[in-house]
Amino acid sequence: MIENWTKEFIIQRLLAITLLVVLFILCFQVVQFFIVPALWAAILAYVTFPVYKFFHEKVRLSSDFSASIMTVSISLMIGVPLVIGIFILQQEALSIISNLIYRIRVGYVDVPDSIKDLPILGQQVKDILWRINKNPEGTLEAFRLWVQSHLYYGKVALDVVFSSFAKLGMALMTLFFFYRDGTSLVRQIRQALRNIIGNRIDGYIDSVGTTTRAVVYGIGLTALAQAILAGIGYYFSGSPSPILLTILTFVVALIPFGTPFAWGAVSIWLLSQGHTAEGIGLALWGVLVISWVDNLIRPIVISGATKIPFIIIFIGVLGGLTAFGFVGLFIGPVVLAIGLAVWREWISQHKNEIFAPQEIVLNDNQNPLSVDERTENN
């Protein structure tokens, strides 16, 4: 066949490949901003697709109406806690800033004695407080100048916030189409990959689906349970804004072993404010109750469903978080699950060669010879 290649044929193929590469790069540039929202939408649609099928197949609603119900429900589940959290955070921030400005003006900025009694740092803290309380107007003026000189970082933060909300809106809009056309889309992707790799792609896709569902349920259920238990602890310990702290704990709990940093920080804050019994009680509640949820639910739900060692899931979650951001919490385990599936398939196909016992015979000097050595001698 190579002999039949002409100069015109080679040039034609090179031009076609070049055009395809350029087209791929251009398409990537166009959809780059929407990749992460589409991934979030795909994950949400996949794990909640049985509910969509219930409305579409059992209740016999149209695909558009069923997709609309699911999209609105998911939007409310995400949007309502988000709006409540932003409102509470805004109120708390305004309260803290107003209280701080008032204390500066009256010359009474102070910290707990436990901080002022710290070795080395304690004396520096006392000196700073003395300078602040001695010249309130100068302190406020210095604070205004500092804010004005750092307005650029505020603009960057606002850009990140607006970009995040735009991605969230795009993910929710894409979610509707994944519900409505998800079955057809998966069928097309499966067939395209089957044309490239063969029928073995079916096992890989099943592995992706099982891992995605297990990781989402495992991480989500664990974070929800830990946040609820932590919220109970915040309420009874008298922590400020227990609802806001519960929402923040849920976000932190999505990261493996991140929950202790949430309730631990609140416990330390209570101790620094002189609430010794409440701080110790919250710490004990966190160690004895909240942390055990992570040790029980996450390994059982994830490893039990996927038949994948939990250490691989753990590495996938943290590695995915580092490589791809927050969505990597779910992408990382899926990538390692595919790699493990390929490894197991290769081992299964070549197990007779890898684990086959070698026949051992003795030569004239009573030294063992393997099959390969006997072949060479013959």
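The values are calculated or read from the model by the stated rules, or taken from the named source; none is laboratory data. All values derive from a computational prediction rather than experimental measurement. Positions of Cβ are generated from backbone atoms using ideal geometry, with glycine treated the same way; all protein chains shown enter the neighbour counts. Each accessible area value is taken on the protein alone, full model and side chains, heavy atoms only, with ligands, DNA and RNA left out. Shrake-Rupley method; radii C 1.70, N 1.55, O 1.52, S 1.80 Å.
Could you rank the peptides 123-136, 320-333 by their average count of other C-beta atoms within 10 Å per residue, with the highest value first?
Ranking the peptides 123-136, 320-333 by packing returns 320-333, 123-136.
At 0.36 nm per residue, and after removing the present C-alpha to C-alpha distance, how many nm does the segment from Ile315 to Phe165 gain when stretched out fully?
The span from Ile315 to Phe165 would gain 51.1 nm if fully extended.
If you place +1 on the Cβ of every Lys and Arg, -1 on the Cβ of every Asp and Glu, and leave all else neutral, what size is the dipole of the range 10-117 about its Cα centre, to the nearest 20 Debye?
Its charge dipole is roughly 380 debye.
Tell me, what % of the accessible area of the range 183-341 is carbon and sulfur with a 1.4 angstrom probe? Provide the component values of the computation, followed by the final result.
Values: 5930 of 7850 Å².
With neighbouring chains kept in place, the figure for the range 183-341 is 76 percent.
If you count only protein heavy atoms with a 1.4 Å probe, what accessible area per residue comes out for the chain, rounded to a whole Å²?
Per-residue value: 66 Å².
For the ranges 144-153, 158-167, what's the packing order if you count other beta-carbon atoms within 10 Å of each residue, average per peptide, and put the highest first?
So the order, starting with the most tightly packed, is 158-167, 144-153.
Considering only C-alpha atoms, what is the centroid distance from the range 258-276 to the range 53-118, in Å?
Here the two parts' Cα centres lie 21 Å apart.
So for the pair Ile78, Phe326, with labels modelled 7 Å out along Cα→Cβ, what separation do we get in nm?
Going from the Ile78 label point to the Phe326 one covers 0.9 nm.
Would you work out the charge dipole size for the chain about its Cα centre, treating the Cβ of every Lys and Arg as +1 and the Cβ of every Asp and Glu as -1, and quote it to the nearest 20 debye?
For this selection, approximately 1100 debye.
Over the chain, what is the relative contact order in percent, taking alpha-carbon pairs closer than 8 angstrom and at least six residues apart?
15
Carbon-plus-sulfur fraction of the accessible area of the range 14-85, 1.4 Å probe, in percent?
The C+S portion of the solvent-accessible surface of the range 14-85 is 81 percent.
Extension gain Arg60-Lys155, at 0.36 nm per residue separation less the Cα-Cα distance, in nm?
29.3 nm
In degrees, nearest 10, range 0 to 90: what is the angle between the Cα axis of helix 151-197 and the longest Cα principal axis of the chain?
Its long axis makes an angle of about 20 degrees.
Among Ala45, Ala223, Ala341, whose mean-square fluctuation peaks in a Gaussian network model of the chain (Cα, cutoff 10 Å)?
Greatest mean-square fluctuation among the candidates belongs to Ala341.
Could you derive backbone 3J(HN,Hα) for the range 66-79 from the dihedral phi with the Karplus parameters 6.51, -1.76 and 1.60 (θ = phi - 60°), listing whole Hz in sequence and x where the residue is Gly or Pro?
My calculation for the range 66-79 gives 5, 5, 5, 4, 5, 5, 5, 5, 5, 4, 5, 4, 8, x Hz in order.
Hey, got the dipole for the range 81-201? About the Cα centre, +1 on K and R Cβ, -1 on D and E Cβ, debye to the nearest 20? Could you put the intermediate results ahead of the total?
Details: 14 positive and 9 negative charges, 158 e Å.
Magnitude of the dipole: close to 760 debye.
Beta carbons within 10 angstrom, averaged per residue: use that to sort the peptides 246-255, 6-15, 177-186, highest first.
Order by mean packing, descending: 246-255, 177-186, 6-15.
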